[in-house]
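Colleague: Dropping the structure in here first, questions after.
The values are calculated or read from the model by the stated rules, or taken from the named source; none is laboratory data. Values in this document were obtained by computation on a predicted structure and should not be read as measured data. Virtual Cβ from ideal backbone geometry, glycine too; neighbours counted across all protein chains shown.
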Amino acid sequence: MRGDSSTTIKSYGYIIFAACFTIQAVGIGSYVAYGVFFNALMSEFQWSRATISGASSLAFFMMGFTGMLIGRLNDLYGPRLLMSVTSLFFGAGLILTSQVNSVLQLYLFYGVLLGIGLSSIDVIALTTIARWFALRRGAMTGLVKVGTGAGQFTIPLIASFLIGVVGWRQTCLIIGLAASFLLFCVAQLLKRDPHDYQPISRRDSSSSQQISKSENSSLSFEKTRKTYQFWNLCLVNFLVIFCLISIIIHIVPHARDIGLSAGQAAGALSTIGGVSMIGRFVSGLAIDKVGSKKIMGACLLLLIISLLWLQVAQSLWMLFLFACIYGLAHGGLFTAISPIVAEIFGIKAHGTILGIVVCFGTTGGAVGPIFTGQLFDMTGSYAAAFWTFILISTCSLGILSSLKPIK
(Lines give C-alpha, C1' and ligand atoms only; values in the text may rest on other atoms or scores of the structure.)
Protein backbone atom coordinates (compact mmCIF):
# COMPACT_ATOMS: atom_id res chain seq x y z
CA MET A 1 0.00 0.00 0.00
CA ARG A 2 2.80 2.40 0.84
CA GLY A 3 4.46 1.85 -2.54
CA ASP A 4 1.16 2.28 -4.40
CA SER A 5 0.46 5.53 -2.53
CA SER A 6 3.91 6.94 -3.25
CA THR A 7 3.73 5.95 -6.93
CA THR A 8 0.28 7.51 -7.34
CA ILE A 9 1.42 10.78 -5.77
CA LYS A 10 4.57 10.83 -7.92
CA SER A 11 2.49 10.25 -11.07
CA TYR A 12 0.13 13.10 -10.22
CA GLY A 13 3.15 15.27 -9.50
CA TYR A 14 3.95 15.22 -13.22
CA ILE A 15 0.42 16.42 -13.98
CA ILE A 16 1.00 19.25 -11.49
CA PHE A 17 4.26 20.06 -13.28
CA ALA A 18 2.55 20.13 -16.70
CA ALA A 19 -0.23 22.38 -15.38
CA CYS A 20 2.22 24.86 -13.80
CA PHE A 21 4.40 24.81 -16.94
CA THR A 22 1.35 25.71 -19.03
CA ILE A 23 0.30 28.48 -16.63
CA GLN A 24 3.75 30.08 -16.90
CA ALA A 25 3.94 29.73 -20.69
CA VAL A 26 0.48 31.12 -21.43
CA GLY A 27 0.42 33.82 -18.73
CA ILE A 28 3.87 35.34 -19.07
CA GLY A 29 4.12 34.74 -22.81
CA SER A 30 0.89 36.65 -23.45
CA TYR A 31 2.01 39.51 -21.20
CA VAL A 32 5.45 39.80 -22.82
CA ALA A 33 3.85 39.89 -26.29
CA TYR A 34 2.63 43.41 -25.40
CA GLY A 35 5.92 44.74 -26.76
CA VAL A 36 4.89 43.56 -30.24
CA PHE A 37 1.78 45.80 -30.08
CA PHE A 38 3.85 48.95 -29.37
CA ASN A 39 4.24 50.21 -32.92
CA ALA A 40 0.62 49.45 -33.86
CA LEU A 41 -0.63 51.45 -30.86
CA MET A 42 1.75 54.35 -31.57
CA SER A 43 0.72 54.38 -35.23
CA GLU A 44 -3.04 54.32 -34.60
CA PHE A 45 -3.30 56.62 -31.58
CA GLN A 46 -0.04 58.67 -31.64
CA TRP A 47 0.47 57.93 -27.95
CA SER A 48 3.95 58.34 -26.46
CA ARG A 49 6.09 55.39 -25.42
CA ALA A 50 5.74 56.38 -21.79
CA THR A 51 1.95 56.33 -22.11
CA ILE A 52 1.88 52.90 -23.75
CA SER A 53 4.44 51.56 -21.27
CA GLY A 54 2.24 52.78 -18.43
CA ALA A 55 -0.50 50.24 -19.19
CA SER A 56 2.00 47.38 -19.03
CA SER A 57 3.46 48.81 -15.85
CA LEU A 58 0.04 49.07 -14.23
CA ALA A 59 -0.69 45.45 -15.16
CA PHE A 60 2.60 44.36 -13.64
CA PHE A 61 1.94 46.36 -10.47
CA MET A 62 -1.56 44.89 -10.15
CA MET A 63 -0.03 41.45 -10.62
CA GLY A 64 2.11 41.92 -7.53
CA PHE A 65 -0.37 43.90 -5.44
CA THR A 66 -3.17 41.37 -5.97
CA GLY A 67 -0.61 38.57 -5.75
CA MET A 68 -0.07 39.28 -2.04
CA LEU A 69 -3.72 38.42 -1.45
CA ILE A 70 -3.55 35.44 -3.81
CA GLY A 71 -0.51 34.09 -1.95
CA ARG A 72 -2.27 34.31 1.41
CA LEU A 73 -5.47 32.73 0.09
CA ASN A 74 -3.47 30.01 -1.64
CA ASP A 75 -1.83 29.05 1.67
CA LEU A 76 -5.29 28.78 3.20
CA TYR A 77 -7.55 27.38 0.47
CA GLY A 78 -5.41 25.98 -2.33
CA PRO A 79 -4.89 26.98 -5.97
CA ARG A 80 -7.74 25.58 -8.10
CA LEU A 81 -10.50 28.09 -7.35
CA LEU A 82 -8.11 31.05 -7.37
CA MET A 83 -6.58 30.07 -10.70
CA SER A 84 -10.02 29.53 -12.23
CA VAL A 85 -11.25 32.99 -11.21
CA THR A 86 -8.12 34.86 -12.25
CA SER A 87 -8.09 33.11 -15.65
CA LEU A 88 -11.41 34.84 -16.40
CA PHE A 89 -9.94 38.24 -15.49
CA PHE A 90 -6.94 37.47 -17.70
CA GLY A 91 -9.10 36.73 -20.73
CA ALA A 92 -11.44 39.65 -20.11
CA GLY A 93 -8.49 42.05 -19.94
CA LEU A 94 -7.13 41.05 -23.35
CA ILE A 95 -10.54 40.73 -25.02
CA LEU A 96 -11.61 44.20 -23.89
CA THR A 97 -8.19 45.64 -24.81
CA SER A 98 -8.97 44.71 -28.42
CA GLN A 99 -11.73 47.35 -28.30
CA VAL A 100 -9.85 50.28 -26.71
CA ASN A 101 -10.11 53.79 -28.13
CA SER A 102 -8.68 55.83 -25.26
CA VAL A 103 -5.81 55.79 -22.77
CA LEU A 104 -8.28 55.34 -19.90
CA GLN A 105 -9.69 52.20 -21.51
CA LEU A 106 -6.20 50.82 -22.15
CA TYR A 107 -5.23 51.34 -18.51
CA LEU A 108 -8.49 49.92 -17.17
CA PHE A 109 -8.70 46.85 -19.41
CA TYR A 110 -5.04 45.93 -19.87
CA GLY A 111 -3.62 47.53 -16.74
CA VAL A 112 -6.22 46.55 -14.13
CA LEU A 113 -8.17 43.54 -15.45
CA LEU A 114 -5.22 41.77 -17.05
CA GLY A 115 -3.10 42.64 -14.01
CA ILE A 116 -5.55 40.86 -11.71
CA GLY A 117 -5.43 37.88 -14.06
CA LEU A 118 -1.64 37.88 -13.93
CA SER A 119 -1.60 37.84 -10.11
CA SER A 120 -1.81 34.05 -9.87
CA ILE A 121 0.61 33.18 -12.69
CA ASP A 122 3.79 33.22 -10.58
CA VAL A 123 2.51 32.88 -7.01
CA ILE A 124 0.25 29.87 -7.57
CA ALA A 125 2.48 28.02 -10.03
CA LEU A 126 5.72 28.44 -8.06
CA THR A 127 4.24 27.83 -4.61
CA THR A 128 2.48 24.69 -5.84
CA ILE A 129 5.74 23.38 -7.29
CA ALA A 130 7.62 24.23 -4.08
CA ARG A 131 5.11 22.19 -2.08
CA TRP A 132 4.90 19.21 -4.43
CA PHE A 133 8.64 18.79 -5.08
CA ALA A 134 10.36 19.34 -1.75
CA LEU A 135 13.27 17.05 -2.70
CA ARG A 136 13.92 18.63 -6.16
CA ARG A 137 12.61 22.14 -5.65
CA GLY A 138 15.29 23.97 -7.63
CA ALA A 139 15.26 21.63 -10.62
CA MET A 140 11.48 21.48 -10.89
CA THR A 141 11.14 25.26 -10.45
CA GLY A 142 13.68 25.68 -13.24
CA LEU A 143 11.75 23.31 -15.49
CA VAL A 144 8.47 25.11 -14.80
CA LYS A 145 10.14 28.45 -15.52
CA VAL A 146 11.22 26.98 -18.86
CA GLY A 147 7.50 27.35 -19.58
CA THR A 148 7.91 31.11 -19.23
CA GLY A 149 10.69 31.04 -21.81
CA ALA A 150 8.60 28.87 -24.12
CA GLY A 151 5.78 31.39 -23.90
CA GLN A 152 8.14 34.32 -24.45
CA PHE A 153 9.57 32.57 -27.50
CA THR A 154 6.35 31.50 -29.21
CA ILE A 155 3.57 33.95 -28.34
CA PRO A 156 5.32 37.17 -29.52
CA LEU A 157 6.06 35.46 -32.86
CA ILE A 158 2.44 34.32 -33.13
CA ALA A 159 1.25 37.82 -32.22
CA SER A 160 3.57 39.44 -34.77
CA PHE A 161 2.32 37.10 -37.50
CA LEU A 162 -1.34 37.61 -36.61
CA ILE A 163 -0.97 41.41 -36.48
CA GLY A 164 0.32 41.31 -40.06
CA VAL A 165 -2.62 39.14 -41.16
CA VAL A 166 -5.67 40.33 -39.19
CA GLY A 167 -4.51 43.50 -37.37
CA TRP A 168 -3.69 44.18 -33.75
CA ARG A 169 -7.29 44.24 -32.47
CA GLN A 170 -8.22 40.79 -33.77
CA THR A 171 -4.87 39.46 -32.57
CA CYS A 172 -5.54 40.70 -29.05
CA LEU A 173 -9.00 39.11 -29.14
CA ILE A 174 -7.67 35.73 -30.33
CA ILE A 175 -4.89 35.60 -27.74
CA GLY A 176 -7.31 36.61 -24.97
CA LEU A 177 -9.83 33.88 -25.79
CA ALA A 178 -7.18 31.18 -26.17
CA ALA A 179 -5.26 32.15 -23.03
CA SER A 180 -8.34 32.31 -20.82
CA PHE A 181 -9.56 28.90 -22.03
CA LEU A 182 -6.20 27.21 -21.45
CA LEU A 183 -5.66 28.73 -18.01
CA PHE A 184 -9.14 27.79 -16.85
CA CYS A 185 -8.72 24.20 -18.03
CA VAL A 186 -5.36 23.58 -16.34
CA ALA A 187 -6.66 25.19 -13.14
CA GLN A 188 -8.94 22.19 -12.67
CA LEU A 189 -5.87 19.94 -12.33
CA LEU A 190 -4.24 21.85 -9.48
CA LYS A 191 -3.92 20.54 -5.92
CA ARG A 192 -2.31 22.48 -3.05
CA ASP A 193 0.17 19.72 -2.11
CA PRO A 194 0.39 15.87 -2.00
CA HIS A 195 -1.71 15.78 1.19
CA ASP A 196 -4.48 17.66 -0.62
CA TYR A 197 -4.38 15.13 -3.47
CA GLN A 198 -4.34 11.99 -1.32
CA PRO A 199 -4.32 11.99 2.51
CA ILE A 200 -1.38 9.84 3.65
CA SER A 201 0.47 9.23 6.85
CA ARG A 202 3.88 10.81 7.32
CA ARG A 203 5.48 7.35 7.11
CA ASP A 204 3.98 6.60 3.72
CA SER A 205 6.16 8.76 1.49
CA SER A 206 9.68 10.19 1.53
CA SER A 207 8.32 13.31 -0.15
CA SER A 208 5.69 13.61 2.57
CA GLN A 209 8.35 13.24 5.25
CA GLN A 210 10.40 15.97 3.58
CA ILE A 211 7.38 18.29 3.43
CA SER A 212 6.65 17.72 7.13
CA LYS A 213 10.29 18.32 8.01
CA SER A 214 10.36 21.54 5.96
CA GLU A 215 7.17 22.83 7.58
CA ASN A 216 8.48 22.10 11.07
CA SER A 217 11.69 24.07 10.38
CA SER A 218 9.92 26.95 8.61
CA LEU A 219 9.46 30.48 9.88
CA SER A 220 6.00 31.92 10.22
CA PHE A 221 5.31 35.11 8.33
CA GLU A 222 5.18 37.04 11.62
CA LYS A 223 8.79 36.04 12.35
CA THR A 224 9.92 36.38 8.73
CA ARG A 225 8.85 40.02 8.41
CA LYS A 226 11.07 40.94 11.38
CA THR A 227 14.26 39.72 9.67
CA TYR A 228 16.53 41.95 7.58
CA GLN A 229 16.93 39.06 5.13
CA PHE A 230 13.29 39.40 4.15
CA TRP A 231 13.51 43.13 3.43
CA ASN A 232 16.85 42.78 1.64
CA LEU A 233 15.37 40.12 -0.60
CA CYS A 234 12.38 42.35 -1.32
CA LEU A 235 14.71 45.22 -2.26
CA VAL A 236 16.85 43.01 -4.51
CA ASN A 237 13.76 41.75 -6.33
CA PHE A 238 12.49 45.32 -6.76
CA LEU A 239 15.76 46.43 -8.37
CA VAL A 240 16.23 43.33 -10.52
CA ILE A 241 12.72 43.28 -11.96
CA PHE A 242 12.91 47.06 -12.53
CA CYS A 243 15.65 46.31 -15.07
CA LEU A 244 14.35 43.05 -16.52
CA ILE A 245 10.83 44.20 -17.38
CA SER A 246 12.04 47.54 -18.73
CA ILE A 247 14.26 45.69 -21.18
CA ILE A 248 11.56 43.22 -22.20
CA ILE A 249 9.04 46.00 -22.87
CA HIS A 250 11.42 48.35 -24.68
CA ILE A 251 13.74 46.01 -26.59
CA VAL A 252 11.37 45.82 -29.60
CA PRO A 253 11.02 49.60 -30.09
CA HIS A 254 14.79 49.93 -29.46
CA ALA A 255 15.47 47.37 -32.18
CA ARG A 256 13.25 49.35 -34.56
CA ASP A 257 15.12 52.53 -33.65
CA ILE A 258 18.47 51.04 -34.73
CA GLY A 259 17.01 50.06 -38.10
CA LEU A 260 15.73 46.49 -37.69
CA SER A 261 12.48 45.36 -39.26
CA ALA A 262 9.38 44.47 -37.24
CA GLY A 263 10.05 40.76 -37.77
CA GLN A 264 13.70 41.07 -36.72
CA ALA A 265 12.72 43.06 -33.62
CA ALA A 266 10.15 40.41 -32.64
CA GLY A 267 12.82 37.78 -33.33
CA ALA A 268 15.16 39.43 -30.82
CA LEU A 269 12.41 39.33 -28.19
CA SER A 270 11.70 35.69 -28.99
CA THR A 271 15.42 34.88 -28.81
CA ILE A 272 15.45 36.20 -25.26
CA GLY A 273 12.56 33.88 -24.48
CA GLY A 274 14.21 30.91 -26.18
CA VAL A 275 17.61 31.33 -24.54
CA SER A 276 15.99 32.06 -21.18
CA MET A 277 14.63 28.50 -21.28
CA ILE A 278 18.22 27.27 -21.14
CA GLY A 279 18.95 29.71 -18.32
CA ARG A 280 15.95 28.54 -16.33
CA PHE A 281 16.73 24.85 -16.79
CA VAL A 282 20.45 25.12 -15.99
CA SER A 283 19.94 27.48 -13.05
CA GLY A 284 17.26 25.20 -11.59
CA LEU A 285 19.65 22.24 -11.62
CA ALA A 286 22.47 24.35 -10.20
CA ILE A 287 20.32 25.74 -7.38
CA ASP A 288 19.88 22.24 -5.92
CA LYS A 289 23.68 21.82 -5.92
CA VAL A 290 25.12 25.21 -4.91
CA GLY A 291 22.14 27.22 -3.59
CA SER A 292 20.02 30.07 -4.89
CA LYS A 293 22.22 32.96 -3.71
CA LYS A 294 25.23 31.95 -5.82
CA ILE A 295 23.07 31.42 -8.89
CA MET A 296 21.44 34.83 -8.49
CA GLY A 297 24.88 36.43 -8.15
CA ALA A 298 26.15 34.73 -11.30
CA CYS A 299 23.05 35.81 -13.22
CA LEU A 300 23.45 39.42 -12.08
CA LEU A 301 27.01 39.39 -13.44
CA LEU A 302 25.69 38.12 -16.78
CA LEU A 303 23.04 40.85 -16.74
CA ILE A 304 25.68 43.55 -16.25
CA ILE A 305 27.79 42.14 -19.09
CA SER A 306 24.81 42.01 -21.44
CA LEU A 307 23.83 45.60 -20.66
CA LEU A 308 27.38 46.83 -21.32
CA TRP A 309 27.26 45.06 -24.68
CA LEU A 310 23.85 46.57 -25.46
CA GLN A 311 25.41 50.03 -25.33
CA VAL A 312 27.38 49.25 -28.50
CA ALA A 313 25.00 46.80 -30.21
CA GLN A 314 23.94 48.55 -33.42
CA SER A 315 23.45 45.65 -35.85
CA LEU A 316 21.34 42.52 -36.09
CA TRP A 317 24.00 40.03 -34.97
CA MET A 318 25.10 42.25 -32.09
CA LEU A 319 21.54 42.60 -30.81
CA PHE A 320 20.98 38.85 -31.06
CA LEU A 321 24.21 38.24 -29.11
CA PHE A 322 22.87 40.57 -26.43
CA ALA A 323 19.60 38.62 -26.45
CA CYS A 324 21.50 35.37 -25.84
CA ILE A 325 23.57 36.66 -22.90
CA TYR A 326 20.66 38.57 -21.41
CA GLY A 327 18.33 35.61 -21.90
CA LEU A 328 20.54 33.40 -19.70
CA ALA A 329 20.54 36.03 -16.94
CA HIS A 330 16.83 36.71 -17.29
CA GLY A 331 15.90 33.05 -17.00
CA GLY A 332 18.12 32.38 -14.01
CA LEU A 333 17.01 35.43 -12.03
CA PHE A 334 13.31 34.65 -12.38
CA THR A 335 13.92 30.99 -11.51
CA ALA A 336 15.85 31.66 -8.28
CA ILE A 337 13.22 33.75 -6.48
CA SER A 338 10.89 30.98 -5.31
CA PRO A 339 13.67 28.56 -4.24
CA ILE A 340 15.54 31.26 -2.31
CA VAL A 341 12.35 32.08 -0.36
CA ALA A 342 11.94 28.40 0.54
CA GLU A 343 15.68 28.08 1.22
CA ILE A 344 15.78 30.96 3.69
CA PHE A 345 12.32 30.92 5.26
CA GLY A 346 10.86 27.43 4.61
CA ILE A 347 7.48 26.57 3.07
CA LYS A 348 4.98 27.06 5.91
CA ALA A 349 4.13 30.59 4.72
CA HIS A 350 5.75 30.29 1.29
CA GLY A 351 2.77 31.67 -0.62
CA THR A 352 2.43 34.71 1.63
CA ILE A 353 6.17 35.49 1.66
CA LEU A 354 6.62 34.88 -2.06
CA GLY A 355 3.56 37.04 -2.76
CA ILE A 356 5.14 40.00 -0.97
CA VAL A 357 8.59 39.47 -2.52
CA VAL A 358 6.92 39.23 -5.94
CA CYS A 359 4.92 42.40 -5.18
CA PHE A 360 8.15 44.32 -4.60
CA GLY A 361 9.42 42.91 -7.89
CA THR A 362 6.30 43.82 -9.82
CA THR A 363 6.38 47.32 -8.33
CA GLY A 364 9.88 47.66 -9.74
CA GLY A 365 8.65 46.18 -13.00
CA ALA A 366 5.82 48.71 -13.05
CA VAL A 367 8.03 51.73 -12.40
CA GLY A 368 10.86 50.65 -14.70
CA PRO A 369 9.15 50.75 -18.13
CA ILE A 370 7.51 54.12 -17.37
CA PHE A 371 10.86 55.52 -16.22
CA THR A 372 12.52 54.12 -19.35
CA GLY A 373 9.85 55.50 -21.69
CA GLN A 374 9.97 58.91 -20.01
CA LEU A 375 13.75 59.01 -20.19
CA PHE A 376 13.59 58.16 -23.89
CA ASP A 377 11.01 60.89 -24.51
CA MET A 378 13.32 63.39 -22.76
CA THR A 379 16.61 62.35 -24.41
CA GLY A 380 15.57 60.71 -27.68
CA SER A 381 17.69 57.66 -26.86
CA TYR A 382 17.74 54.58 -24.63
CA ALA A 383 21.44 55.03 -23.74
CA ALA A 384 20.83 56.83 -20.43
CA ALA A 385 18.29 54.19 -19.38
CA PHE A 386 20.67 51.34 -20.19
CA TRP A 387 23.45 52.94 -18.09
CA THR A 388 20.95 53.31 -15.25
CA PHE A 389 20.19 49.58 -15.48
CA ILE A 390 23.90 48.81 -15.19
CA LEU A 391 24.15 50.88 -12.01
CA ILE A 392 21.03 49.30 -10.51
CA SER A 393 22.22 45.77 -11.34
CA THR A 394 25.55 46.46 -9.65
CA CYS A 395 23.78 47.72 -6.51
CA SER A 396 21.58 44.59 -6.53
CA LEU A 397 24.65 42.38 -6.61
CA GLY A 398 26.09 44.21 -3.62
CA ILE A 399 22.90 43.86 -1.57
CA LEU A 400 22.61 40.18 -2.48
CA SER A 401 26.20 39.57 -1.36
CA SER A 402 25.35 40.91 2.11
CA LEU A 403 22.43 38.47 2.50
CA LYS A 404 23.37 36.03 5.29
CA PRO A 405 21.55 32.84 6.34
CA ILE A 406 19.14 33.15 9.27
CA LYS A 407 20.64 31.74 12.44
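Colleague: For segment 62-82, give me the residue count where each residue is buried (at least 23 other Cβ atoms within 10 Å of the Cβ) and within 20 Å of ILE241 (Cβ to Cβ). Explain how you work it out, then say what you get.
Modeller: Narrowing segment 62-82 to residues buried (at least 23 other Cβ atoms within 10 Å of the Cβ): 62-64, 66-67, 70-71, 74, 79.
Filter once more, so that each one left must be within 20 Å of ILE241 (Cβ to Cβ): 62-64, 66-67, 70-71.
Total satisfying the criteria: 7.
Conditions tested, residue by residue: (1) of a type outside the set (A, V, I, L, M, F, W, C); (2) over 14 Å from GLY176 (Cβ atoms).
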residue	(1), (2)
TRP47	no, yes
SER53	yes, yes
LEU58	no, yes
PHE65	no, yes
ARG80	yes, yes
MET83	no, yes
GLY93	yes, no
LEU126	no, yes
PHE133	no, yes
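Colleague: Could you tell me which of the residues LEU397, LEU375, LEU403, LEU354 is surrounded by 15 or more Cβ atoms within 10 Å (Cβ to Cβ) and part of a loop (DSSP other than H, G, I, E, B)?
Modeller: LEU403
Colleague: Let me confirm something: among GLY373, GLY380, which residue is of a type in the set (Gly, Ala, Ser) and in contact (Cβ under 8 Å) with a residue 24 or more places away in the chain?
Modeller: GLY373
Colleague: Now for a different question. Which of the residues spanning segment 83-108 are surrounded by fewer than 23 Cβ atoms within 10 Å (Cβ to Cβ) and not aliphatic (A, V, I, L, M)?
Modeller: Listed by number, the residues that qualify are SER84, PHE89, SER98, GLN99, ASN101, SER102, GLN105, TYR107.
Colleague: Sticking with this one: Look at segment 93-110 and say how many of its residues are touching a Phe, Trp or Tyr at 6+ places or on another chain (Cβ under 8 Å) and assigned to a helix (DSSP H, G or I).
Modeller: 6
Colleague: Shifting gears a bit: Would you say SER84 is at pLDDT 90 or above and either among the β-branched types (Val, Ile, Thr) or over 19 Å from CYS359 (Cβ atoms) (or both)?
Modeller: Yes; evaluated as a whole, the condition is true for this residue.
Colleague: Continuing with this model, one more query. Just checking, does segment 333-341 include any residue being outside any loop (DSSP other than H, G, I, E, B), under 30 Å from ILE258 (Cα atoms) and in contact with a helix residue (DSSP H, G or I) (Cβ under 9 Å, 6 or more places away or on another chain)?
Modeller: yes
Colleague: LEU126: touching a Leu at 6+ places or on another chain (Cβ under 7 Å), free of Cβ contacts under 8 Å to residues at least 60 places away in the same chain and crowded, with 19+ Cβ neighbours inside 10 Å, yes or no?
Modeller: No, not satisfied.
Colleague: Looking at segment 244-262, can you tell me whether even one residue there is modelled with pLDDT under 85, surrounded by 22 or more Cβ atoms within 10 Å (Cβ to Cβ) and not aliphatic (A, V, I, L, M)?
Modeller: Looking for residues that are modelled with pLDDT under 85, surrounded by 22 or more Cβ atoms within 10 Å (Cβ to Cβ) and not aliphatic (A, V, I, L, M), one finds none in segment 244-262, hence no.
Colleague: Does SER220 satisfy the condition of being surrounded by 14 or more Cβ atoms within 10 Å (Cβ to Cβ), modelled with pLDDT under 75 and under 23 Å from THR352 (Cβ atoms)?
Modeller: No; evaluated as a whole, the condition is false for this residue.
Conditions tested, residue by residue: (1) part of a helix (DSSP H, G or I); (2) out of contact with any Pro (no Cβ under 6 Å at 6 or more places or on another chain); (3) among the small types (Gly, Ala, Ser); (4) modelled with pLDDT under 85.
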| residue | (1), (2), (3), (4) |
| --- | --- |
| SER119 | yes, yes, yes, no |
| ILE124 | yes, no, no, no |
| LEU135 | no, yes, no, yes |
| GLY138 | yes, no, yes, yes |
| ILE158 | yes, yes, no, no |
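Colleague: Go through segment 290-321 and report how many residues are assigned to a helix (DSSP H, G or I), farther than 26 Å from LEU235 by Cβ and in contact (Cβ under 8 Å) with a residue 40 or more places away in the chain.
Modeller: Residues in segment 290-321 being assigned to a helix (DSSP H, G or I), farther than 26 Å from LEU235 by Cβ and in contact (Cβ under 8 Å) with a residue 40 or more places away in the chain: 3 in total.
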